[in-house]
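Just so it is clear, none of the values below were taken in a lab; they were calculated from the coordinates. Keep in mind that this is a model prediction, so the values were computed, not measured. Don't worry about glycine lacking a Cβ; one is built from the backbone with ideal geometry, like all the others, and counts go over all protein chains shown.
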Amino acid sequence: MPVPHAQLDGSNGRDVAECWTERYNTKTAETFTPGLYRLLNSDIVTRKVEGRDAKGPNRMWATVATDKEDGSDQADYMVATKAVELLRERKKAGKPFFLGVGFVRPHFPMVQPKRFFNMYPQEKMKIPPLMQGDLDDIPLAGRGSDGKGLNETEEGRRRMWQAYYGSVSFMDEQLGRVLDELDRLGLRDSTAIMFTTDHGYHLGEHGFWQKANLHEEVVRVPLIVSAPGIKPGRTSSLVELVDLYPTWTDLLGLPMPKGLHGKSLIPILRNPDAKVRDTALSIHNRSGGGLRSAEWHYMNYGGKGEELYDMIKDPGQYTNVVSDSKYAAALTQARAQFKARMAAAR
């Protein structure tokens, strides 16, 4: 479901109907929710609903501190409510289930009750530095959105961080309602849970906002797995989102189809020091692709430039070493591995 378009009209977007036995969408006011509206790359602050930018070029920089304090008029609250309802039905039926619970936030527009903004005072937000010459070694194809004026004021950048944190906390509260119901129904010990997202997000690093490139902030995503018989742990092992499906089949003891690009993550779940990949591949349909190892991060823009970063010395990716002779061997290795991974992915 494209956000916020599908929430405004309740449509399916590009969702594939054959993937589901049942499907439920939300329909919400999103940008037009009653409350205090701000367009952070401008001076617009209003409670008027008319004239708000919901589908225009500035929709990405909008926030709304809503009047309804429990958030029950928002998509994520409705999603959690429906998920709880479905869990109760499945518990009563006594049959196995797969439930895909798609939360919207954090995603523009950052719409959530005022109390979630208040949790993160904007004046206390730590924002990334804007450094002179930072973009000089980044190819044009590797640059993200400049915020269309958002970088011009420190207050605007702080308010975006405030809104993003608040959006995450609002979503987290709704996820908690679903997990609490699993506990209440006695299903927690027999249910595998995977929490992840489709991409990361720039929040002013290098002056970039949103996604649309291959930098660490964009391609690194959260992944939390809870499954019966798996002890809590934390790992630094590299994985890809295509690994989720074979992990599910492995957890359930189902036969794994041939030809999958993904690998089961069960070895890592059982031993956080284990690894199933030496590199993680990311593909951007407009820009090209990137390859991440434990030591370096390589990006290739299909003839429009390259980037290579030393992730041990430079985790913030401020110095592109693609032209540094000291990294010639690493660059040769990265290029070869990237070419092989891209060929295998096609």
> Residue by residue through segment 131-140, which ³J(HN,Hα) values in whole Hz follow from phi under the Karplus form 6.51 cos²θ - 1.76 cosθ + 1.60 (θ = phi - 60°), with glycine and proline marked x?
Replying inline: 9, 4, x, 4, 8, 4, 9, 10, x, 4
>> Over the chain, with a Gaussian network built from C-alpha contacts below 10 Å, which listed residue (SER169, SER11, SER282) shows the highest mean-square fluctuation?
In response: SER11
>> Can you give the FRET efficiency to the nearest 0.05 for LEU187 and MET131, using r as the Cβ-Cβ distance and R₀ = 45 Å?
In response: 0.35
>> Can you tell me which of TYR24, TYR301, TYR37 moves the most in a GNM of the chain? Springs connect C-alpha atoms under 10 Å apart.
In response: TYR24
> How much mean residue ellipticity at 222 nm does the chain get from its helices, if each DSSP H run of length 4 or more adds -39500 (n - 2.57) and you divide by all residues, to the nearest 500 deg cm²/dmol?
Replying inline: -8500 deg cm²/dmol
> Which listed residue (PHE208, GLN112, SER237) has the Cα farthest towards the positive end of the charge dipole for the chain, taking +1 on Lys and Arg C-beta and -1 on Asp and Glu C-beta about the Cα centre?
Replying inline: SER237
> How big is the Rg/Rh ratio for segment 213-346, C-alpha atoms only, Rh by Kirkwood, two decimals?
Replying inline: 1.00
> Using all Cα-Cα distances in the chain, what percent lands in each 10 angstrom bin from 0 up to the longest?
Replying inline: 5, 21, 29, 28, 15, 2, 0
>> If I take all pairs of Cα atoms in segment 81-218, what percentage of them are more than 26 Å from each other?
In response: 41
> What percent do you get for the relative contact order of the chain when only Cα pairs under 8 Å and 6+ apart count?
Replying inline: 12
>> If I take R0 = 35 Å and measure r between the Cβ atoms of ALA345 and THR21 in this structure, what FRET efficiency does the formula 1/(1 + (r/R0)^6) give, to the nearest 0.05?
In response: 0.70
> Which order do peptides 292-298, 93-99, 334-340 fall in by mean Cβ count within 10 Å, highest first?
Replying inline: 292-298, 334-340, 93-99
> Which ³J(HN,Hα) values in Hz, rounded to whole numbers, follow from the phi angles of segment 30-38 under the Karplus curve 6.51 cos²θ - 1.76 cosθ + 1.60, where θ = phi - 60° and Gly and Pro get x?
Replying inline: 6, 4, 8, 5, x, x, 7, 9, 10
>> Of LEU175, TRP20, ASN151, which is farthest towards the positive pole of the chain's charge dipole, taken about the Cα centre with +1 and -1 on the beta-carbons of Lys, Arg and Asp, Glu respectively?
In response: TRP20
> Considering only DSSP states other than H, G, I, E and B, which trypsin sites (Lys or Arg not before Pro) in segment 1-64 qualify as loop sites with at most 15 other Cβ atoms within 10 Å?
Replying inline: ARG14, ARG23, LYS27, ARG47, LYS48, LYS55
> Which entries in LYS211/LYS339; LYS258/LYS304; LYS68/LYS124 show an alpha-carbon gap greater than 32 Å?
Replying inline: LYS258/LYS304
>> If the only charges are +1 at each Lys and Arg Cβ and -1 at each Asp and Glu Cβ, what is the size of the charge dipole of the chain around the Cα centre, to the nearest 20 debye?
In response: 760
> Under the definition of Cα pairs under 8 Å and six or more residues apart, what whole-number percent is the relative contact order of segment 278-346?
Replying inline: 21
> Exactly which GluC sites (Glu not before Pro) in segment 10-94 are in a DSSP loop and have at most 11 other Cβ atoms within 10 Å?
Replying inline: GLU22, GLU50, GLU69
>> Counting just the Cα atoms, what span does segment 278-346 cover along each of its three principal axes? Round to the nearest Å and put the largest first.
In response: 32, 25, 21
>> Could you tell me the center-to-center distance, by alpha carbons, between segment 77-121 and segment 178-250 in angstrom?
In response: 16
